[in-house]
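The next block holds one structure in the form of structure tokens; read it before the comments.
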Amino acid sequence: MAPIPVNDATSLETSQAASASTCPAHSPAPEQYPDGNPDAPYNPPGARNTDSCLPLKPAGEVVHNYATKGPAPGDLAFRWIHGSVCAAKNTDPRIQVLAYNEDTYIMRENPCVNWEAPFTYLLFGNHGALLIDTGATPEAEYYPLRLTVDQIIIRWCGIRRKKSVPLTVVLTSGEDVAQNQGIRQFADRAQTNLTPLELGARMEFHALGSSWKQGLGRIDLGGRVVAVIPTPGTHKDGLSFFDAYTCLLFTGDLLYPGRVQIANDRDYVASLLRLQQYKQSHPMKWVMGGHVEMMFIPGRAYPRFSNNRPFEHLLQLEPESIDEAVEHVRGVVGKPAVVFRTNFILLNRVSPDEKVYQSAPDLPQIPVPFWTSLSQ
Amino acid sequence: MDLKSLDRRTFLSLPVVSVVIPAVAAAMAPEAEAMGGPPAPAIANEPIDFKTNVPASGSFPEKWICGSPSCMDNHDPPIQVNWYNEHTVFMRQNKAYSYEAPFMHLYFGNERVLLIDQGYTQLRTDWPLRDVVDRCIAEWCAKHGRGVEDMELLAAFTHLHDDHYEGINQLYSRPNTRYMGQTHEEMVGFWGMTNYPEERVTLDLGGRDVLIWGNPGHVFSEFAYYDTYSQILHTGDMFYRGRCYISFWDKWFASMKRLMTFLEDHPVTHVVGCHVEISRTGQDYPYGITYQPDEAPMHMTVEELKHAYEVAKTITEPGIYFTGSVYLCNETRDTTTIDRNPYEYE
């Protein structure tokens, strides 16, 4: 009897095929059901009710099939830690870990450790793990990024019956001190491939060569391929990463729900156009930036250095935000300007604090709640 | 006047400089007794002489607490207490409790204690202003043979901004305490001024005089304080080592002139303000930052104030001007800092 094609994915060991053989047979080959066979009896009597992509009793190393029709499912329905009135008395975890799905983890640095409160992403494939960005704090006792990543990897390896998995650490920008500080914690880690920080060496690392701005790199994690898209504009060495499995685009500082500081407007427009083009040929679920600075109020952001943000915007942006940014940034190329949009703010050639307590007249004027000291 | 018949509102609106202190103490004594406290002892020791041997010398700390790389790992005290001399305390709020890190002052007299500013955190459970103030007063009273219940506490502030009065909540339940209201009229009324800002009043803390007059410019409602005992001039947010946000240039310049006139016939040991926002090398720490590792001292010299006045005379346009010790931000409402995006490139 042929093995039952389970969920999207898992190669079943013979023993499991045998144990499942009491169930009615569904014979079509697994390839026909990249997202899972809708008729398969996922939860035979006695099984735990789970939508895990794992077999119930894996006998050996599990190999996952990352081929999907459309974005792999994931869950972001959780509130991010957002600091506290009194930063010295904050008792939240230093790093909040969210399992988006079984192979995708999102981590946030506590805003009371560093106000930038950057997000870092950990992706797993069959043969490798990828850490995108490393946070704003080098000291492991304040921000135990390496410890956290190690623990996630150990847990993941345990579930997958793997001894270990090599780690690759990459950055959306090598110069951004809000994202490159934690990389020092990985300096002596075994089985770890660290990106260099310097521009030329970084482009070599991603095999992008001298004409890197036009290039396109790829990182193969074993069945899961992450595209490397050069996107300078907020940093001269900016890179974005697109994960074809979850269909998430990781943009770092280029586009995120906050006060985006453009470093070079011509590059910025070119990079957004590039992403816009990429979006047309690849299904994109969300744009995942490196920070959240917006309030849950159209066009309003928390000021720099704030470590108490009780009503933050969501982390994820719709892919249409790229089109919106392109449309509105074109008119201000070469000019000092602050462009207020509902979900993000673009700052071109101005101080980082320009119009920090303002919004645009064409956006709904919703006052900041009276109980915050920002209601001026 | 029958002080016993005063209700709270009338009591609050009564200018403190015009109240005869023993009458207040007498009026308050039965209440203190009713609250279970022992009967107020008569002043045990000889009155302290605040008028001769002035200026009383004192010292500031070598380095004020100035935040930490990670706020949640800050182990400094919530409030740094500096006994400048035996009868004068300067306090600073920890930057990990509020980025504004304002300074607060306590001046002790024979009969009253003046607390200028109350910091930026409301809740006593978050930030124990009340406990620290009570401890300072208890310490002083024990040392100088007075009963805590004999000392009236006056809680005033330099100007009408919340980073200087939020902590006043914590004092509302404190016995024998009078606090400034949070409107211009109440503030001016508290000092009994009828001609703000020109009028200069004298607050008698019991042998120790504090001179107070209007000092607008940063905001409309602001006071300057001059302690005749330590001869320290407190200019609040109108002039401090950092970015002096000047909302009303004409009023600010007039206040500067008033300070210059004051300097002509009053000796001043130090000029102090409410914040520090620049480094020893004159680097500007951006607004809101919670760690200032190489902070400049809080106190300034009279020469620095005079020089700022000379610079101010030449200013005709809105903009940011550095005098060598302070930044004068002339009507730059939207710009809270002067730094640029560090990643800009061509």
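Where a number appears in this text, it was derived from the coordinates with a stated rule and is not lab data. These figures come from a predicted structure and were not determined experimentally. Don't worry about glycine lacking a Cβ; one is built from the backbone with ideal geometry, like all the others, and counts go over all protein chains shown.
Details
- DSSP beta bridge pairing in the range A:102-257, given as percent antiparallel to the nearest 5: 75 percent
- DSSP-defined antiparallel bridges as percent of all bridges, the range A:87-348, nearest 5: 70 percent
- Under 5 Å between amide hydrogens, built in the peptide plane, is the criterion, and for A:ALA244 it picks out A:VAL225, A:ALA227 among residues at least 5 positions away or on other chains.
- DSSP-defined antiparallel bridges as percent of all bridges, the range A:233-376, nearest 5: 60 percent
- A straight line joining the Cα centroids of the range B:258-276 and the range A:65-142 runs 51 Å.
- Taking Cβ atoms as reference points and 12 Å as the exclusive limit, the residues near B:ASP209 contribute a net charge of +2, counting Lys and Arg as +1 and Asp and Glu as -1.
- Each Lys or Arg adds one and each Asp or Glu takes one away; over the other residues whose Cβ falls under 10 Å from the Cβ of A:LEU171, this sums to -3.
- Within the range B:281-303: backbone nitrogen closer than 19 Å to the B:LYS63 label point (7 Å, Cα to C-beta): B:281-286, B:289-299
- Relative to the longest principal axis of the Cα atoms of chain B, the long axis of helix B:302-313 makes an angle of roughly 50 degrees.
- Pairwise FRET efficiency - A:ARG79 versus B:LEU123, Cβ, R0 = 22 Å, nearest 0.05: 0.45
- Estimated FRET transfer efficiency (B:GLN283, B:ASP250; beta-carbon r; R0 35 Å; 0.05): 0.70
- Of the chymotrypsin sites (Phe, Trp or Tyr not before Pro) in the range A:72-176, those whose Cβ has at most 15 other Cβ within 10 Å and which sit in DSSP loop: A:PHE78
- Theoretical gain in end-to-end length, A:LEU197 to A:GLN365 [0.36 nm per residue, Cα-Cα removed]: 56.3 nm
- FRET efficiency for the pair A:LYS57 and A:VAL326, taken as 1/(1 + (r/R0)^6) with r the Cβ-Cβ distance and R0 = 56 Å, rounds to 0.65.
- For the range A:196-247 versus the range B:60-138, the gap between their alpha-carbon centres in whole angstrom: 50 Å
- At full extension, B:VAL54 and B:PHE322 could sit 93.1 nm farther apart than now, given 0.36 nm per residue minus the alpha carbon distance.
- Average 1/r across all pairs of distinct alpha carbons in the range A:87-348, invert it, and you get the Kirkwood radius: 18.6 Å.
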